[in-house]
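Notes follow once the structure below has been shown.
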Amino acid sequence: MGKFTKIATDGLIKENPTLKLVLGTCPTLALTTAAMNGIGMGLAVTFVLICSNVLISLLKKIIPNAIRIPVFVLIIATFVTIVKLALDKFIPSLYDTLGVYLPLIVVNCIILGRAESFASKNPVLDSALDGLFMGLGFTISITLMGLVREFLGSGAVFGITLFDFSIGFFSSSAGAFFTYGVFIALFNYCINKFTRRAKLKKGV
Amino acid sequence: MGTILLIAVTAMFINNFVVVQFLGICPFLGVSKDTKSALGMGIAVTFVMTITCLITYPIYMYVLTPLNLDYLEVIVFIFVIASLVQMIEAVLKKFSPTLYNAMGIYLPLITTNCAVLGVAELVIDAGTASAFGLTEMGLLNSVAYGFFGGIGFTIAIVIMSGLREKLKTTNYNKHLKGFPIAMLTACFIAMAFYVFSMISI
Amino acid sequence: MKLFKSNAFKCVVVMLSVILLCGGLLAVLSDLLKVSDTERIQRSIDKIYGAGVTEIEQVIDADYKTDFGEIKSCYKLKNGDYLVQSTGKKGYSNGTVTLDISITIVDGTATVKKAVLNGYTSQTLMSQLTSLYNKFANVNSTTVGDVSVVTGASMSSTAGINAVKTAIDFINRLGG
Amino acid sequence: MINLLAPINWSSLLIVLGILAVLSIVFTLLILLVGKVCKVEEDERIGQVQEKLSGANCGGCGFAGCADFAKALVENRAEMNACASTSKENKTQIGKILGVAVGDSEPKMAVVKCSGDKDTAGKMFEYVGNLSCEAKNTAFNGDKICNFACLSGGSCALVCTADAIETNNGVAKVDKRLCGGCSACAKACPKKIIELVPRSASVFVACSSKCKGKEVLTACKVGCIGCGLCVKNCPKNAISLIDNLAVIDYSKCSGCKTCVAKCPRKIIKEL
């Protein structure tokens, strides 16, 4: 089961798409004003990521190299439209909040990135797992960021206002960049500390 | 004429694609290490955004809406953009290798660039049109929106690359190395652009 | 036979089959998951009154048109109010605005309960706009003129006012 | 099952398939046409070589990234062992692709050839301002009296991907266990005093001052004064004195460490 844990730790920690590879930054910055948005967007991205990874790794031998990117993007777009139709029908409230960012999942760098670098080179099961853990990594990090920005920006947690103080900076666009930067710095700090200790213990 | 001016100011400053609407951040952070490649990237994105609006707007307005197939909108747009970028990459590789080396290697990045699909989406959106006080954008206005959106992207990315080049010779905490310092620079640029949103037209 | 083996043919066939597969799947799904118009109206009702408060009782034919506004559709609701979708013209360089307006009859005259922008616009624009229209709350035909909806870089107030004014005139004419 | 499919109106389905078919054929042919017209002969070996490289894009080889390095390798403008982060068997495979014998390069590590920290190295003036090495270097070659001294601005630490360099008490110091030997720090250092020594080395000269003994005594409490004792006492005579500075030739050095004991200034340090 070594492969499973490797893919899991890759997706969640070692190659966390939002904090380590810094992919999918557009929805991360825009939607982390509220934690609820983060979860909704995260789950939608995870669903699309798993399905597109599976289909792409199934078709990887058939697709010629010249039209590789258009076909990948087409497959991803189909799954996004399916999510869009399903959300519009069954959960309209989430559909309204996601607004213009739902179609932008198609160009979310995580999905096309993983399709290019992982799904088109690995078997189906690994691609599905990779999609799942990459999606979870993305969901967790943007929900955490959503919590911080929502709490500091409007004194609310998951929509329930606890305090009435609100620092306008955190719900503005400058605040989004700031929070994202601090999150990546913290993430780097922990990872460096962890790998340093591992290397020193193993080291000569 | 007034609307074009209004679109220009809005797309470049008030509703800047990168800093206010958060579209196209991946290349904005990835490619802004030095000004030359940042400018190359800006030109490429402006070029693709303008042509995208030129093609996707008519397709949506004269093909998809009359047959009310607007659920196809995402597929058709992204397919057109991906093919467009594929062609532009090949043309550039052949006819101007120097420009290709400066910009081309970032061209595949443009397919995964939210700004390009973002502009295609916003241009056909009723909300954007009513923001400019129009029923719908019309071809000329949408191409102008795409073009000035690209110019806004270029302005933001060139300012960013200037700042990041200055950062190369400063001493800052090791853990801020790489993306965090880029994010904080973008934060200050966003603050600067915040001033523009106070303008009421 | 060489044509069929060539890479170009392979590309076209693969691309064609993928796009037809995807398009067909989506066409079928979009019909299956169709959200009917009445349900969309019900959703805007829920947005104004809150979920499950009231439904549509009767559809009223709306062909009322003036030079500064036009009624798109009008519904009489179970709790006696009217939901009117009206478009106001004469915005900045003849722009238009479409609003969902709920109107109640208060001692004979039509007064606006709430006005909401129709449909979703891009998220950043949306958040600025919906709050602007709360200013139209409990406005009637006389006081509608002096509502000043100062908008940032977005639409001007005339189109908004015209939309509400057309809706009120339509309901007064209906009631009277 | 039938009524489940009832809402599908088949006519619009056909229209959709028609539009998509037209769209896909037009654009695919356009892509292929443009692709054929603009065919650029590129050596496909570049792709194969790049596949084998580590892809870390660390820039240690002096090229913009692995793609550039692969291109340079194929046009043999570059040396295979310029890249430290590619594994050994990948290097031999690349050697096979290019048909070039790849001498297995000895794994290297970086050492800072200066040990003048806050209290041992004398200062000419109190430096206030931008703390990076490049900036300090522009102000009269740095605030230390000795022109070859480490400015401890941290420019090397900034580029080190393995996070192996500390610059806390006034001089940069490389942690041998973390260093991967990618030589990015050696390139970044404006004073060029970081040297790559074989990982098997046991001693190194922790100074790079080329001034005469008398000047070194005034400038720094620990610098090498070029007395030559180490040269005389080295059994393998692996050390030589070049411009008043002891230089160790690691091919001859047997690691006996007699020079460490003999050096009056204790500037030849153990690794």
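The values are calculated or read from the model by the stated rules, or taken from the named source; none is laboratory data. All of these numbers come straight from a predicted model, not from anything done at the bench. All Cβ positions, even for glycine, are placed from backbone atoms using ideal geometry, and neighbour counts span all protein chains on display.
Screening A:Ile50, A:Ile13 for residues that are touching a residue at least 24 places away in the same chain (Cβ under 8 Å) and either more than 18 Å from A:Ser117 (Cα to Cα) or in contact with a helix residue (DSSP H, G or I) (Cβ under 6 Å, 6 or more places away or on another chain) (or both) leaves exactly one candidate, A:Ile50.
For region B:13-21, the criterion of a residue being assigned to a helix (DSSP H, G or I) and not hydrophobic (A, V, I, L, M, F, W, C) is satisfied by no position.
Is it the case that D:Leu241 is surrounded by 13 or more Cβ atoms within 10 Å (Cβ to Cβ) and at pLDDT below 85? No, not satisfied. Filtering region A:159-204 to residues that are aromatic (Phe, Trp, Tyr) and surrounded by 14 or more Cβ atoms within 10 Å (Cβ to Cβ) leaves A:Phe169, A:Phe170, A:Phe177, A:Phe178, A:Tyr180, A:Phe183, A:Phe187, A:Tyr189. Please verify whether D:Lys187 is in a loop (DSSP other than H, G, I, E, B) and either within 14 Å of chain A (Cβ to nearest Cβ) or of a type in the set (Lys, Arg) (or both), treating the condition exactly as stated. It is false that D:Lys187 is in a loop (DSSP other than H, G, I, E, B) and either within 14 Å of chain A (Cβ to nearest Cβ) or of a type in the set (Lys, Arg) (or both). Scanning region D:252-271 for residues that are surrounded by fewer than 12 Cβ atoms within 10 Å (Cβ to Cβ) and touching a residue at least 12 places away in the same chain (Cβ under 8 Å) gives D:Ser254, D:Pro264, D:Lys266, D:Glu270. Out of the residues in region C:82-103 that are surrounded by fewer than 21 Cβ atoms within 10 Å (Cβ to Cβ) and more than 15 Å from the chain's Cα centre (by Cα), which is modelled with the highest pLDDT? For region C:82-103, the residue satisfying everything is C:Lys90.
For region D:133-149, filtering for residues that are in contact (Cβ under 8 Å) with a residue 24 or more places away in the chain and either in contact with a Phe, Trp or Tyr (Cβ under 6 Å, 6 or more places away or on another chain) or within 14 Å of chain B (Cβ to nearest Cβ) (or both) leaves 4.
Filtering region B:11-33 to residues that are more than 22 Å from B:Ser142 (Cβ to Cβ) and away from chain A (no Cβ under 11 Å) leaves B:Val31, B:Ser32, B:Lys33. With the structure loaded, tell me whether B:Met198 is at the interface with chain A (Cβ under 8 Å from one of its Cβ atoms) and either more than 21 Å from A:Gly175 (Cα to Cα) or at pLDDT below 90 (or both) or whether it fails that test. Here the answer is no, as B:Met198 does not meet what is asked. Looking at A:Ala44, A:Ala115, just one residue is within 20 Å of A:Ile7 (Cβ to Cβ), away from chain C (no Cβ under 12 Å), of a type in the set (Gly, Ala, Ser) and under 16 Å from the mean Cα position of the chain (by Cα), and that residue is A:Ala115. Listed by position, the helices (runs of 4 or more DSSP H) inside region C:1-77 whose residues that are touching a residue at least 24 places away in the same chain (Cβ under 8 Å) number at least 2 are C:37-49.
Can you name every residue in region C:47-68 that is in contact with a Ser or Thr (Cβ under 9 Å, 6 or more places away or on another chain) and either within 30 Å of D:Leu20 (Cβ to Cβ) or at the interface with chain A (Cβ under 9 Å from one of its Cβ atoms) (or both)? The answer is none; no residue qualifies.
Of the residues making up region B:126-142, one or more are buried (at least 22 other Cβ atoms within 10 Å of the Cβ) and modelled with pLDDT of 80 or more. Restricted to helices (runs of 4 or more DSSP H) entirely inside region A:27-134, those with at least 2 residues that are buried (at least 24 other Cβ atoms within 10 Å of the Cβ) are A:35-59, A:68-90, A:109-114. Output the residues belonging to region D:134-156 that are in a helix (DSSP H, G or I) and over 18 Å from D:Cys207 (Cβ atoms). D:Glu134, D:Ala135, D:Lys136, D:Asn137, D:Thr138, D:Ser155 - these are the residues of region D:134-156 that are in a helix (DSSP H, G or I) and over 18 Å from D:Cys207 (Cβ atoms). Here D:Ile97 fulfils each of the conditions (1) surrounded by fewer than 21 Cβ atoms within 10 Å (Cβ to Cβ); (2) out of contact with any helix residue (DSSP H, G or I) (no Cβ under 7 Å at 6 or more places or on another chain); (3) among the aliphatic types (A, V, I, L, M) apart from (2). Has region D:72-81 got at least one residue that is within 30 Å of B:Leu167 (Cβ to Cβ) and either modelled with pLDDT of 75 or more or surrounded by 15 or more Cβ atoms within 10 Å (Cβ to Cβ) (or both)? Yes.
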